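See below for the structure under consideration.
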Amino acid sequence: MGHLRRGGACSAVLGLVLAATASAPALADPDRPPRYDNPLSASFADTFADPVVVRGPDGLWYAYGTTDPLREGEKQFHGIPMARSSDLVQWTYVGDAFTPGQRPSYAAEGAGFWAPDVRWVDGRWVMYVTVTDTTVSPDGGDFAVGAATAPTPTGPWTFVDEPVVAPRPGGGGGWLWTIDPSQFTDVDGTPYLYYGSYYGGVSVTELSPDGLRAVGESTLVAIDNKFEGSYVLRHDDWYYLFASTANCCAGPATGYSVHVGRSRSPRGPFVDRDGLALTASRAGGTPVLTQNGNRWIGVGHNGFLTDLSGQDWIVYHGIDRADPYLDEPFGINERPMLIDRLDWVDGWPVVNAGAGPSDGDRPAPVTTGRVDDRFHDGALAGWRRDGDWRVTDGRLRGTGTLTSRTTIGGDLRVEVDLRPYEARTAGVTLGDRIEVRVDVAGGHLVARDGRRTATAPLPAGFVPGHRHHLAVEVRGDRLVAELSPARLGDQFAVVTLRLDRPPAGRLGLAAEGGVAEFDNASVARLHQPVRRTVPAPRTGGLLPRFSDEFDGGLDADWQWVRPDPAVTVTDGALRWPVRSADLTGTGNTAGVLLRDAPTGDYVVETKVTLDLGEETVRNYQQAGLVAYVDDDRFARLSQVAIWNTRQVEYGYELPFAGQPVYGGNIVGTPATTTWLRLAHRVDPATGEHEFRAGSSRDGRTWTWGGVWTFPADTTPRIGLVAHGGAEPAVTAHFDYLRFYR
């Protein structure tokens, strides 16, 4: 759940639990997936913040969102609204997880529920949720992480009497933000919970085997005052911590975005692409998802899913900058649910190959396959039986081998839900040579192609009677099989096997030594991975007429807004003592040094040195670039001290509903000397000015962040700023201001 730093409001809890009904989806052409257009939640909700999605045992998809009214003008809060879909495109509201007044015993009356995370843990569904107010303190703000359990994805949900993570007192007063839970199960079967936010940072704790109690000591994995809304998954033997940063809820100036770090351990340390730790004062974080200049801003607080082709997707919320509030201005931010393709390029996740959130028709996730059976039909018409097989209550049970009549081949992904029960082994076969089985007796996941075998141990607490998910991918002569609790990037076991040749033949479901249960069997064409990201902005030729190297005083093209007589130009640098002043809000006390920009597309760059130290609180000393129309419409890119952190913030202010509104987007990690760029583009369709921000710690390797826009009828000038606080005394050194075509 996103919040302004050290602020936020709670929501009431209203709603009605509706029972789930399972129905098989209509099968589309598996090689021609349907199309979709964001936002996904438009059919049932105007706002559906902090979304997560799971696939249920009925083969349908279930989404959960934060407590808010669903529709404009409704004014009725829904206690964790739930929705269902057969294809991840068309969604139907199916009720609220919690009825009006339903709350755990430790929750204060009127407590709200935020940021749900739903998982299959220890043979049942568990919802982890932020409880905004407890009975620990009469003053409020004593957040806790609670849990509720259910037999189905839509309930009925029953709260656990004790919090999973209780309210934590803050060292500086008040209560640490114990919010935004996200569960993860490691390959050894150990369950973990990630939680926390700007006040207190993001931590991880081990959970009891049933997933309902924190045990042992917690570990800080992301620094406070920068990250929240965490989500962890395992990919290619790395653990990836996704976390959102900046403000979730500033209406038309919301700059929320998703960043990532990775580690070899679920407890960290997590570092970004540049090797910078997420726990450092100059905290790292590689951008995954950030606004790109289209309608969507404030894109963040993500969930994760994988479609039947093996393509990963990120589910998240965003704000339509033309319709930022659910009802009246400065009320509830309208944050519908969006989904986009999550690509892995050179070991790092990025949305739409780096293009950012989508707005417009595009291919939807694959949710049907060449083989696709939910076993609602007891006739098993699409299968050939060898052994004793029958369908009971929509589940296939049997022993022996059940073979599909559909021939498969080429690159493919096989999925099946299975319960080995009393079977010695249970799994799938591909053609007449390849098999992947859960060897319960031996305690391994086993892949075999003739005499070639690969194995991985099952976790010590593996329970054959629980439902597990098996996915097998074949690309060329390489097979990868994963066994997981609920296909959410948290594998119990992974095996890789080099094949003699690609499989051809039929899919088989196999059980030996006893009865096993199977469901949701599918074979789909394997997705084609993206190998390259979209090009980042680049500089062309220098434009000397617009540039200044600061080698002979300020030239005549510079113009001041509120001149600062302390600014000097000496020894090839502009030196600007940081003043106690600001541009945000109605104060407008900071000086701004401006010059006209060239027409058309360009990139402007400066190199700024500002010694902000480490760890200490120096709010909000900063220096950098600004694209400026007036005091109430500007985009400011600066390295800045925010409490104990040092960040590159891309702030934005605009007039809205009669007052200035300010928000921010985080671009990268500053060094003492930081290079900053704004890449300007004119949208050919709208004429808007788009400014994308970039930062660098060495002048060579750049991190690119979000886009802020200016109306077509404005003429933004480019300039420099240095302000935010007078203590301790510090001076910003600008080496140059350069424009490139």
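Laid out as a table, the results:
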read-out: Enumeration of residues in segment 499-527 that are surrounded by fewer than 20 Cβ atoms within 10 Å (Cβ to Cβ) and within 30 Å of Arg390 (Cβ to Cβ); value: Ala504, Gly505, Glu512, Gly513, Gly514, Val515
read-out: Residue, farthest from Pro711 (Cα to Cα), within segment 630-687, restricted to residues that are in a strand (DSSP E or B) and among the small types (Gly, Ala, Ser); value: Ala641
read-out: Residues of segment 266-289 that turn out to be touching a Lys or Arg at 6+ places or on another chain (Cβ under 9 Å) and hydroxyl-bearing (Ser, Thr, Tyr), as a count; value: 2
read-out: Hits in segment 684-739 - residues which are within 32 Å of the chain's Cα centre (by Cα) and acidic (Asp, Glu); value: Glu688, Glu690, Asp698
read-out: Test: residue in segment 528-545 that is assigned to a strand (DSSP E or B), touching a residue at least 40 places away in the same chain (Cβ under 8 Å) and crowded, with 20+ Cβ neighbours inside 10 Å; value: no
read-out: Verdict on Thr185 being in contact (Cβ under 8 Å) with a residue 12 or more places away in the chain, closer than 24 Å to Tyr93 by Cβ and in contact with a Phe, Trp or Tyr (Cβ under 8 Å, 6 or more places away or on another chain); value: no
read-out: Some residue of segment 609-629 being within 18 Å of Leu676 (Cβ to Cβ) and β-branched (Val, Ile, Thr); value: yes
read-out: Unique match (being of a type in the set (Val, Ile, Thr), farther than 18 Å from Leu470 by Cα, touching a residue at least 12 places away in the same chain (Cβ under 8 Å) and part of a strand (DSSP E or B)) among Thr403, Thr407; value: Thr407
read-out: From Val414, Val440, residue being assigned by TED's automatic domain parsing to the domain that holds Ala511 and either touching a helix residue (DSSP H, G or I) at 6+ places or on another chain (Cβ under 6 Å) or under 19 Å from Arg395 (Cα atoms) (or both); value: Val414
read-out: Which listed residue is touching a residue at least 24 places away in the same chain (Cβ under 8 Å) and either assigned by TED's automatic domain parsing to the domain that holds Pro670 or acidic (Asp, Glu) (or both), from Asp320, Asp377; value: Asp320
read-out: Answer from Thr669, Thr673 - the residue that is at pLDDT 95 or above, surrounded by fewer than 18 Cβ atoms within 10 Å (Cβ to Cβ) and not basic (Lys, Arg); value: Thr673
read-out: Of all residues making up segment 290-344, the number that are assigned to a loop (DSSP other than H, G, I, E, B) and in contact with a His (Cβ under 9 Å, 6 or more places away or on another chain); value: 7
read-out: Set Thr245, Thr286, Thr290: member being crowded, with 24+ Cβ neighbours inside 10 Å and either over 17 Å from Asp50 (Cβ atoms) or of a type in the set (Lys, Arg) (or both); value: Thr290
read-out: Flag for Val438 being within 30 Å of Trp91 (Cβ to Cβ), part of a strand (DSSP E or B) and modelled with pLDDT of 95 or more; value: no
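The values are calculated or read from the model by the stated rules, or taken from the named source; none is laboratory data. Everything numeric in this text was worked out from a predicted model, so none of it was measured. Because the Cβ atoms are built from the backbone with ideal geometry, glycine has one as well, and the counts that use them run over all protein chains shown.
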